[in-house]
1. Regarding region 209-228, can at least one residue be identified that is touching a residue at least 60 places away in the same chain (Cβ under 8 Å), in contact with a helix residue (DSSP H, G or I) (Cβ under 9 Å, 6 or more places away or on another chain), among the small types (Gly, Ala, Ser) and surrounded by 17 or more Cβ atoms within 10 Å (Cβ to Cβ)?
2. Run residue 245 past the list (1) in a loop (DSSP other than H, G, I, E, B); (2) of a type in the set (D, E, K, R); (3) within 25 Å of the chain's Cα centre (by Cα) and report the number of the one that doesn't hold.
3. Could we say that residue 276 is among the acidic types (Asp, Glu), over 25 Å from the mean Cα position of the chain (by Cα) and modelled with pLDDT of 95 or more here?
4. For region 292-340, give me each residue that is acidic (Asp, Glu) and within 30 Å of residue 236 (Cβ to Cβ).
5. Is it fair to say residue 53 is surrounded by 19 or more Cβ atoms within 10 Å (Cβ to Cβ), assigned by TED's automatic domain parsing to the domain that holds residue 126 and touching a helix residue (DSSP H, G or I) at 6+ places or on another chain (Cβ under 7 Å)?
6. Which ranges mark the strands (runs of 3 or more DSSP E) fully within region 48-141 that have 1 or more residues being of a type outside the set (S, T, N, Q) and within 22 Å of residue 360 (Cα to Cα)?
7. For the structure I just gave you, tell me whether residue 73 is aromatic (Phe, Trp, Tyr) and either surrounded by fewer than 20 Cβ atoms within 10 Å (Cβ to Cβ) or farther than 17 Å from residue 142 by Cβ (or both).
Amino acid sequence: MRISKAVEAQFAQICADRSALHRIPEESGQERKTQRYVLDALAALEPDELAPCADTGVRAVFRGDGSGRCVAFRADMDALCIAEGTGRPDASEHPGHMHACGHDGHMACLLALARLVAGRRDALRDHVVLLFQPSEEAVGGARRMIEAGAMDNPKVDAIYALHMMPDLPLGAIGTCVGALMASTAEVDITIHGRAAHGAMPHLGADAVAAAAHLYTLLQTTVARRVNPFERALITVGRLRAGTRRNVIADHALLECTVRSFSDEVRDQLLAYIQDDMRGVEAALGVRCQMRELFGYPCVFNDEGEVRRLAKAAGDSILQVTPKMAAEDFSYFQHVAPGAYCFCGCMDDAHNAPLHNEKFDFDERALLYGVQLFHNMIASHD
């Protein structure tokens, strides 16, 4: 994909935006400074519509002449509760928080796109909707934006988003048709037992033993009850139980994530977990409860929109293997067809993974993201 002179001319401002946003990382639902920066930057461009959305988000609309489609582009805004270790001169000014997932870069891309669109407004055929979304890392800010009308007036025909991706080389655009990212459910399983002296276990109901049996059952469930042609997992990332070495535990908590590339398989897994819980209850005399905290549908790329994206990316396009990570961009895809892609940012100097204290990227990667989106907007040029 060739970087145009118009996009190249944005590079200094793209870096300045990314740097300013990198300094002020804010966790989900708290993106006040970030929102203010985005609103001020967009206000100078005089979009046809500009307003806060879903509390800490932002929505801007640049209207074309109506002869094209209405296309939306989304950037996520929130940061992570990670202490920064990059050594950047513009490192986080908010202790314990950093943009370790590239959202600062995503926003910088969309601000650059806004400037390009504003500069060619008279030639626009498409209506262009820019969505700066809060709370991607936590509880699904996409759904709140939809409920606030972000996809309406004008009604969005298609939506796109990208994500910085350190597993792909600088300049690559990776995507695929169909499932790209997993359907997920975050669940807590509480086991209620009965305490007793460790020397008299027959008088208690051991929550630790129940947790161990349940853990094994959950893995067996994936291996033996799910069609082997379907990809699925149940991960128990945290287990807490007991109070003392010589007391039978009366309580255990398993914190789990359930993932697959099918919403239907995810729902099957949740039902199978209930079956496993009932079995442990019958065998060990405990009581089990499952609480679903939140979950996202599968990011499922529309075939037609992937074709459009691939055409815009040209020789930068790569077909990638779906990832078990999850993304609430999937909610937008339930409202309008869309395509999600990964923007390669790996080089010798930048290879730390996402959600790592040293995550950083060569900002030239952002030029490819801006160019990709710019190529997807119809105009009379």
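The values are calculated or read from the model by the stated rules, or taken from the named source; none is laboratory data. Treat the numbers as computed from the prediction; the structure is a model and nothing was measured. Cβ placement follows ideal geometry from the backbone for every residue including glycine, while neighbour counts extend to all protein chains displayed.
1. So in region 209-228, the residues touching a residue at least 60 places away in the same chain (Cβ under 8 Å) come out as 209-210, 213-214, 217.
Remaining after also requiring in contact with a helix residue (DSSP H, G or I) (Cβ under 9 Å, 6 or more places away or on another chain): 209-210, 213-214, 217.
Pick out the ones that are also among the small types (Gly, Ala, Ser) and you get 209-210.
Of the ones still in play, those that are also surrounded by 17 or more Cβ atoms within 10 Å (Cβ to Cβ) are 209-210.
The answer is yes, given that some residue of region 209-228 is touching a residue at least 60 places away in the same chain (Cβ under 8 Å), in contact with a helix residue (DSSP H, G or I) (Cβ under 9 Å, 6 or more places away or on another chain), among the small types (Gly, Ala, Ser) and surrounded by 17 or more Cβ atoms within 10 Å (Cβ to Cβ).
2. Condition (3) is where residue 245 drops out.
3. Details: among the acidic types (Asp, Glu): yes; over 25 Å from the mean Cα position of the chain (by Cα): yes; modelled with pLDDT of 95 or more: yes.
The answer is yes for residue 276.
4. Start the filter on region 292-340 by keeping residues that are acidic (Asp, Glu), which leaves 292, 302-303, 305, 315, 327-328.
Scanning region 292-340 gives 292, 327, 328.
5. On the way: surrounded by 19 or more Cβ atoms within 10 Å (Cβ to Cβ): yes; assigned by TED's automatic domain parsing to the domain that holds residue 126: yes; touching a helix residue (DSSP H, G or I) at 6+ places or on another chain (Cβ under 7 Å): yes.
In short, yes.
6. Values: elements: 49-53, 57-62, 70-76, 127-133.
Correct list: 70-76, 127-133.
7. Numbers: aromatic (Phe, Trp, Tyr): yes; either surrounded by fewer than 20 Cβ atoms within 10 Å (Cβ to Cβ) or farther than 17 Å from residue 142 by Cβ (or both): no.
Against the criterion (aromatic (Phe, Trp, Tyr) and either surrounded by fewer than 20 Cβ atoms within 10 Å (Cβ to Cβ) or farther than 17 Å from residue 142 by Cβ (or both)), residue 73 does not qualify.
Conditions tested, residue by residue: (1) closer than 30 Å to residue 71 by Cα; (2) under 16 Å from the mean Cα position of the chain (by Cα).
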site	(1), (2)
158	yes, no
162	yes, yes
168	yes, no
176	yes, no
195	no, no
201	no, no
